[in-house]
Amino acid sequence: MVALSVGPLWAQAALTVNQLASFVQSSIQLRHPDKQVASYLLKLKLSERLDARTIEELQGLGAGPATMEALRKMVETSASLPPAQPKPVRIAPTPIAPPLLAEQKALIERVREYSLNYSKNLPNFICTQVTRRYDDPTGLEFWRPSDTLTTKLSYFEQKETYKLVMINDRPTEQAYESLGGALSQGEFGSMLHEIFDRETHAVFEWLRWGTLRGRRTHVYSYRVAQPNSKFTINYMRTQEVTVGYSGLVYVDRDTEMILKVTQEGENIPPAFPIQKVTGALDYDYTRIGEQTHLLPIKAEVRMRHDRLLTRNIVEFHLYRKFGAEASITFDTPEALPEEKTKEQPIK
């Protein structure tokens, strides 16, 4: 029934050959069932002619027999369409020399001090937190909206308080903590503190230069071993496990402030219901009153339970100074545009 409900959505839009190839490659990497992938392919429409060379390349990447049979049929049905546009040629940027090893270590120590004091340096404020939740029971990343939660977030004396205001744009008195499904808390310093706390013994390694929202960044990888971790995964408030984790830290080259952190749980026990958890948290410069602070603007959490995928996109809007005069109109804002991180060429 899921396949029948999702298939027509794909059938409405004609895909290019490059889009088709990306879909098949993604399915191979995620190890989706061969027959299920084939059934989806047969519902797709192409805007370009699919050729034998393309499907041979996909076979070489690991496409299964049922997928290959579906692709051969698509070669026949697309024979009268115009040829596919050539793939754009990407010219790799000239690599930039990394900082010296001593400079890398010194930067991590300065970032550590900044991270451990991040919460202490934040003002008291309120803001609107919008959580858009999605799920996909097929495991193929065909996301469908689950609900949208609008919350008043108060930050006072380094503590966060959440008051659920609306569910799907309708006022509610339900408590935030009583909601089912995946929820997000602790974006205002908890993640940074746990990564950079010396007791965590995180191992950092300079990885590359990057850009994020037009700013050049140092990109460090890090890893925290399970015995030192506080990364806890909770399933339905009935099962809980603490695992090690790894990720990336993006540090603004000019201000040495953190612009983004990613996390991924490692070595989750096979018997635990949730097999995969990843997260990302983006910061940006935001004015509160007369001062500018680096504050969370967007977070994303993804989880996998068997074939069921869940995805939460959390956004923070309308930061205001905390006080009796502070007020927010609770209309659900439009979703923020997707951010792209890429390598920075020499200028």
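Worth a mention:
- With all protein chains kept in place, the per residue accessible area of the stretch 270-311 amounts to 48 square angstrom at a probe of 1.4 angstrom.
- Label-point separation in nm, R216 to K163, each point 7 Å along Cα→Cβ: 4.6
- Solvent-accessible area, 1.4 Å probe, carbon plus sulfur percent, for the chain: 52
- Rg ratio (alpha-carbon, reference 2.2 N^0.38 Å) - the chain: 1.13
- The peptide list 278-285, 131-138, put in order of mean Cβ contacts within 10 Å with the highest first, becomes 278-285, 131-138.
- Taking the C-alpha atoms of the stretch 133-262, convex hull volume expressed per residue in Å³: 180
- Rolling a 1.4 Å probe across the protein heavy atoms gives the stretch 30-131 an accessible surface of 61 Å² per residue.
- Ordering of 286-293, 222-229 by packing [mean C-beta count within 10 Å, highest first]: 222-229, 286-293
- Estimated at the nearest 10 Å², the accessible area of S22 is 70 Å² with a 1.4 Å probe.
- Within a straight-line Cα-Cα reach of under 26 Å, K230 can be paired with the following lysines, leaving aside sequence neighbours fewer than 8 residues apart in one chain: K105, K120, K159, K163, K260, K276, K298.
The values are calculated or read from the model by the stated rules, or taken from the named source; none is laboratory data. Every value quoted in this text rests on a predicted model; they were computed, and no experiment measured them. For neighbour counting, all protein chains shown are included, and Cβ atoms are generated from backbone atoms with ideal geometry for every residue, glycine included. The area values use the complete protein model at the heavy-atom level, side chains included, leaving out ligands, DNA and RNA. Shrake-Rupley method; radii C 1.70, N 1.55, O 1.52, S 1.80 Å.
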